[in-house]
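Structure, as C-alpha cells:
The values are calculated or read from the model by the stated rules, or taken from the named source; none is laboratory data. Note that this is a predicted model, so its numbers are computed, not measured. Virtual Cβ from ideal backbone geometry, glycine too; neighbours counted across all protein chains shown.
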Amino acid sequence: MVSSKAELKRRDNMKKKSKSGGFESLNLSLNVFRGLKRKGYKVPTPIQRKTMPLILSGLDVVAMAHTGSGKTAAFLIPMLQRLNQHVPQGGVRALILSPTRDLALRTLKFTKELGRHTDLCTSLLIGGDSMESQFEELAQNPDIIIATPGRLMHHLSKVDDMSLKTVEYVVFDEADCLFGMGFAEQLHKILTQLSENRQTLLFGATLPSALAEFAKAGMRDPHLISSDQQTLIFVSTKPHVEFLNVLFREEGIEPSICYGDMDQDARKIHVARFRSRKTMQLIVTDVAARGIDIPLLDNVINWDFPTKPKIFVHRVGRAARAGRTGTAFSFVTYDDMPYVLDLHLFLSKPIWPAPTEEKVS
C-alpha cells in the first residue's frame, strides 16, 4: 500500500513537470506510472503525445503510425489507466485485435510489462494454442482479451455464454493489415457483438478506403491522428521537379515525384508509394497533379507561386479535406508580389508571413 504522503509528493512532482510534455502531464495512476518507469520511458513519442490525451478523454481515435513509433504503448497506457484494477465478475472490459499470432504475443508481453504493478488479468486467444487452455483462461474472468479475429470468432461460436457486451475499450491494431489479410467480414461480425457505448481505437500504417468506411461505420466521430506529416510540393516545370528531387536525396530524404510526360508505370509507382506513406513528400507539377487524389494530406508547399488565384485555391485545398485542417506554405520572390496581391484581393482575407526561425524554435 502506497502512503498518501508518497502519492501527494508524486502528484506535486507531476505538476512541476507537466509543462515539459512528459508522461507526468497525463496524470496517470501510480501503478501505471511505475510500469512506465520500470520500462525506462521518460518522454512520449510523437504518436503517443498526439493520441493519449484524446484516448484518456474517452474519444474514438484513428491513428496512423509506423512500426517503431510507439503506437502499442499509445493504446496500452490509456487502457491500463482506464481499467485500473481487476474486476472478478465484471466480464471482459478491453479487447485488442491483432492480425497475426506473433503480433498478439508481442502485445501480450508488452501488456504484462507495462501492467506489472496492476492486478489486471489478460487472456490470449490465438491459433496454434489449444482451445482447452484458452477455455481455462476465459474461466478466470479476464479484464483484457488479446486475440486474432479467427480464433475469437471460433470461441464466440463454441461458447454459449461468451459475451463481448461488457467490452468498453476496443483496439484494432495494425488495422490496415487486418483488412489486407482478409479479416473484414469477421471484423464486421465482431462489431455487432460489442456494446454501442464502447470506445474504439484503430491503429495502422495506412488508411485504405475500405478501412475508412469501416471506421465510419464502427466509430463515433473519430479523431484522425498521424505521426508523420505528408507534404505535396508544387513546382512549375519538370526541371524543377528533378532539381528538388536531387536536393532532397542529397539530404537523405527520398521523395516521390510526378510530372507531365513521366512514364505511366513510373508515375503509378511513385504515387502508390506516397499513398501508402512509404514516402512523405510528393513533388509535382500542376498538370501532373490532376487526377491524383490524396485524401489525408497535411501540408502543401508552393515552391513556385501560382500565377492565378484559382490555381492557388486548387492546390492548397488538397490539405483541408473531410473537415480536417491543413497548412499551406508558399515561397514568394519579389517578382511574385503582384500574384500575391491578386490572391489577397481574390480571397478577401489576410495572408500571414511564415514565422521566423527564432519564433519556431
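Of a type outside the set (S, T, N, Q) and touching a Pro at 6+ places or on another chain (Cβ under 7 Å), is that true of residue 56? Lay out the reasoning, then the answer.
Numbers: of a type outside the set (S, T, N, Q): yes; touching a Pro at 6+ places or on another chain (Cβ under 7 Å): yes.
Yes.
Among what's in segment 18-52 and is basic (Lys, Arg) and in contact with a Gly (Cβ under 7 Å, 6 or more places away or on another chain), pick the residue that is modelled with the lowest pLDDT.
Across segment 18-52, the extreme among qualifying residues is 42.
Residue 213 passes all but one of (1) touching a residue at least 24 places away in the same chain (Cβ under 8 Å); (2) within 21 Å of the chain's Cα centre (by Cα); (3) part of a helix (DSSP H, G or I); which number fails?
(1)
Looking at 342, 293, 261, which one is outside any helix (DSSP H, G or I), of a type in the set (Asp, Glu) and touching a helix residue (DSSP H, G or I) at 6+ places or on another chain (Cβ under 8 Å)?
None of the other options fit; the residue is 261.
Using the structure shown, decide if residue 74 is in contact with a strand residue (DSSP E or B) (Cβ under 8 Å, 6 or more places away or on another chain) and farther than 24 Å from residue 185 by Cα.
Details: in contact with a strand residue (DSSP E or B) (Cβ under 8 Å, 6 or more places away or on another chain): yes; farther than 24 Å from residue 185 by Cα: yes.
Taking the combined requirement at face value, the residue satisfies it.
Is it the case, given these coordinates, that residue 196 is surrounded by fewer than 22 Cβ atoms within 10 Å (Cβ to Cβ) and modelled with pLDDT under 95?
yes
Kindly provide the set of residues from segment 52-77 that are in a helix (DSSP H, G or I) and touching a helix residue (DSSP H, G or I) at 6+ places or on another chain (Cβ under 8 Å), ordered by number. Before the answer, list the steps.
Step one: filter segment 52-77 for residues in a helix (DSSP H, G or I), giving 52-56, 71-77.
52, 53, 55, 56, 71, 72, 73, 74, 75, 76, 77 - these are the residues of segment 52-77 that are in a helix (DSSP H, G or I) and touching a helix residue (DSSP H, G or I) at 6+ places or on another chain (Cβ under 8 Å).
For segment 277-296, how many residues are within 27 Å of residue 177 (Cβ to Cβ) and modelled with pLDDT of 80 or more?
Here is the first cut: in segment 277-296, the ones within 27 Å of residue 177 (Cβ to Cβ) are 277-282, 292-296.
The next check asks that each one be modelled with pLDDT of 80 or more; those that pass are 278-282.
Total meeting the criteria: 5.
Is segment 269-276 home to any residue that is under 20 Å from residue 176 (Cα atoms) and assigned to a loop (DSSP other than H, G, I, E, B)?
Yes; the residues of segment 269-276 include at least one that is under 20 Å from residue 176 (Cα atoms) and assigned to a loop (DSSP other than H, G, I, E, B).
Look at residue 189 and say whether it is surrounded by fewer than 20 Cβ atoms within 10 Å (Cβ to Cβ), within 30 Å of residue 35 (Cα to Cα) and among the basic types (Lys, Arg).
Values: surrounded by fewer than 20 Cβ atoms within 10 Å (Cβ to Cβ): yes; within 30 Å of residue 35 (Cα to Cα): no; among the basic types (Lys, Arg): yes.
No.
If we scan segment 179-196, do we find a residue that is touching a residue at least 24 places away in the same chain (Cβ under 8 Å) and over 21 Å from residue 126 (Cα atoms)?
Within segment 179-196, one or more residues are touching a residue at least 24 places away in the same chain (Cβ under 8 Å) and over 21 Å from residue 126 (Cα atoms).
Quickly run through segment 169-186 and pick out the residues that are assigned to a helix (DSSP H, G or I) and exposed (fewer than 13 other Cβ atoms within 10 Å of the Cβ).
Step one: filter segment 169-186 for residues assigned to a helix (DSSP H, G or I), giving 175-180, 184-186.
185 - this is the single residue of segment 169-186 that is assigned to a helix (DSSP H, G or I) and exposed (fewer than 13 other Cβ atoms within 10 Å of the Cβ).
Restricting to segment 273-298, give me the number of residues that are of a type in the set (Val, Ile, Thr) and either assigned by TED's automatic domain parsing to the domain that holds residue 207 or buried (at least 19 other Cβ atoms within 10 Å of the Cβ) (or both). If you could, list the steps in order and put the result at the bottom.
Initial filter on segment 273-298 (of a type in the set (Val, Ile, Thr)): 279, 283-285, 287, 292, 294.
Right, trim to either assigned by TED's automatic domain parsing to the domain that holds residue 207 or buried (at least 19 other Cβ atoms within 10 Å of the Cβ) (or both) and you get 279, 283-285.
Residues meeting the conditions: 4.
Within segment 238-246, is even one residue surrounded by 14 or more Cβ atoms within 10 Å (Cβ to Cβ), in contact with a Cys (Cβ under 8 Å, 6 or more places away or on another chain) and within 20 Å of residue 300 (Cα to Cα)?
yes
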